[in-house]
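First comes the structure, then the notes that go with it.
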Amino acid sequence: MTQSVFKVIVNGEHELAVDASEGTLLEALEAHKLEVNYHCKSGFCGACRSTLKSGSVRYLTDPLAYIRKGDILPCCCVPESDLEIDH
Amino acid sequence: MSYSTFNQAQINPLNEPMYFGNSVNVARYDQQKHSIFEKLIEKQISFFWRPEEVDVSRDRVDFNKLTTSEKHVFISNLKYQTLLDSIQGRSPNIALLPIVSLPELETWIETWSFFETIHSRSYTHILRNLFSDPSEVFEDIVINEQIKMRANDISQYYDNLIFYTQLWQTHGEGEVEVDGEIYNVTMRELKKKLFLCINSVNALEAIRFYVSFACTFAFAERELMEGNAKIIRLIARDENVHLTSTQHMINLWQYGEDDPEMKEIAEELRDDAYEIFMTAVKQEKQWAHYLFKDGSMIGLNESMLCQYVEYIANLRMQAIGFDAPFPEQRSNPLPWMNKYLVSDNVQVAPQEAEISSYLVGQIDSSVDASDLGDFDL
Ligand code: FES
Ligand SMILES: [Fe+2]
Ligand SMILES: [Fe+2]
């Protein structure tokens, strides 16, 4: 069995356990009652754009918003490793 | 450089920049320089909708119950949106099609503009339902000082680019005299006008609609004007696709993934781009002030709206590589907005205004023979 639960540190202050087999990274942030930014929740508006400081993510749907180096769109990705992000 | 509707030169569109290269000849999409525009076309077309399919008939009753100041908010916003979509329904075509060099981008521009015309038609649909004669509302758009001020700011960048492109098409590069004025037409100057124009459109798609969206959804939160809210939801979803396209153009330029000269220009005009955006922010706050001049509405006032403008301005500016201009406004002052902006919210009951998925005639493709069992002709 491959590992699906990863440690995600958000804004340097919240540490969450995120199960990559259950919903998107954004949904995980919401489930942990963190304040989240989003509009479309489908990868095309860019409103959820966050900074990936370490780790890697996998996209569930092809993101259409521009992703600059070091950016991720948590509404359509899941962690692939432990992560540190700014949202 | 006169424009030809079918450039006969053999060109490889994979080596062309987005704009000011060779004009497009064969409309082919099997290969793409910037495949994102092809994906945006597909996304946008998948969102096709018809205003007439949204039932706005109940809004008439609601409208008559609104206070005078709420009516002012509602109608003024519709006027402003009508202006914005009037401009957007034509300007990307007129300004950008003559200078575009990639087939997928050319088609994106046409698709984009076409959807803006759907938005325009939806305002007529909404207004016809509210007034037996909506002429007065439409006619005020070219008289109303508040709206004219914004119209001028938006259209000047398009108009400038269009004018210089026309000079270039008829006279080529060099000095041209028109009505006693000398214009120096150079490729550099044309590209600068293009850069400013796209930044102005980006600001339009990014924030100019949101004060009005917020008012619409604030009415919907009170279960008022829900037909209108359904339409605005569909419009907001489209605008997000448009916004992504202008952000892509700006970022492709500034990160050196397209025309190298545009990268230089993006650096050179960075402050101007910033100013264009911040002017739009200022104007939207003034608009909020104008809307609530006779009183606010339940759940929304001028200062909340201004905070919301700052909040989304932060998101939009960061998307094109600027620091957040309002670091003190990191959190969303109108969190209920989000549920109306979600592209599809399938968990909630379909009769509610925040759902768009059921609005357009959906076809159930999983019909099998047994479903038609006792179906006789
Ligand atoms: S919420 Fe739109 S891209 Fe993530
Ligand atoms: Fe529009
Ligand atoms: Fe638009």
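At-a-glance table
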{"item": "The one condition in (1) more than 13 Å from chain A (Cβ to nearest Cβ); (2) modelled with pLDDT of 90 or more that B:Met317 fails to fulfil", "result": "(1)"}
{"item": "Long-range neighbours under 6 Å by Cβ, at least six apart or interchain, first residue at the interface with chain A (Cβ under 8 Å from one of its Cβ atoms) within segment B:332-344, second within 16 Å of ligand 3 (Cβ to nearest atom) and open to solvent by less than 50 Å² (accessible area, probe 1.4 Å)", "result": "B:Leu341/A:His39; B:Leu341/B:Ala236; B:Ser343/A:Cys40; B:Ser343/B:Arg237"}
{"item": "Leading residue by the ranking (nearest to ligand 2 (Cβ to nearest atom)) among those in segment A:42-70 that are modelled with pLDDT of 95 or more and among the charged types (D, E, K, R)", "result": "A:Arg49"}
{"item": "Residue in segment B:216-225 that is more than 22 Å from the chain's Cα centre (by Cα), open to solvent by 10 Å² or more (accessible area, probe 1.4 Å) and either within 21 Å of B:Thr124 (Cα to Cα) or within 16 Å of ligand 1 (Cβ to nearest atom) (or both) present", "result": "yes"}
{"item": "Residues of segment A:67-81 that turn out to be without any contact (Cβ under 8 Å) to a residue 24 or more places away in the chain and within 10 Å of ligand 1 (Cβ to nearest atom), as a count", "result": "1"}
{"item": "Test for B:Leu78: is it aliphatic (A, V, I, L, M), part of a helix (DSSP H, G or I), open to solvent by 60 Å² or more (accessible area, probe 1.4 Å) and out of contact with any Pro (no Cβ under 9 Å at 6 or more places or on another chain)", "result": "no"}
{"item": "Residue that is nearest to the other protein chains (Cβ to nearest Cβ), among those in segment A:21-44 that are surrounded by fewer than 20 Cβ atoms within 10 Å (Cβ to Cβ) and more than 13 Å from ligand 1 (Cβ to nearest atom)", "result": "A:Glu35"}
{"item": "Unique match (being away from chain A (no Cβ under 14 Å), under 23 Å from the mean Cα position of the chain (by Cα), within 26 Å of B:Lys33 (Cα to Cα) and not basic (Lys, Arg)) among B:Ala288, B:Ala273", "result": "B:Ala273"}
{"item": "Options B:Ser101, B:Ser120, B:Ser200, B:Ser113; residue that is of a type outside the set (Lys, Arg), over 30 Å from B:Asn25 (Cα atoms) and crowded, with 16+ Cβ neighbours inside 10 Å", "result": "B:Ser120"}
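The values are calculated or read from the model by the stated rules, or taken from the named source; none is laboratory data. Remember, it's a predicted structure, so these values are computed and weren't measured experimentally. Methodologically, a virtual Cβ is constructed for each residue, glycine included, from the backbone with ideal geometry; neighbour enumeration extends over all protein chains shown. For accessibility, only protein heavy atoms count, side chains too; no ligands or nucleic acids. Shrake-Rupley method; radii C 1.70, N 1.55, O 1.52, S 1.80 Å.
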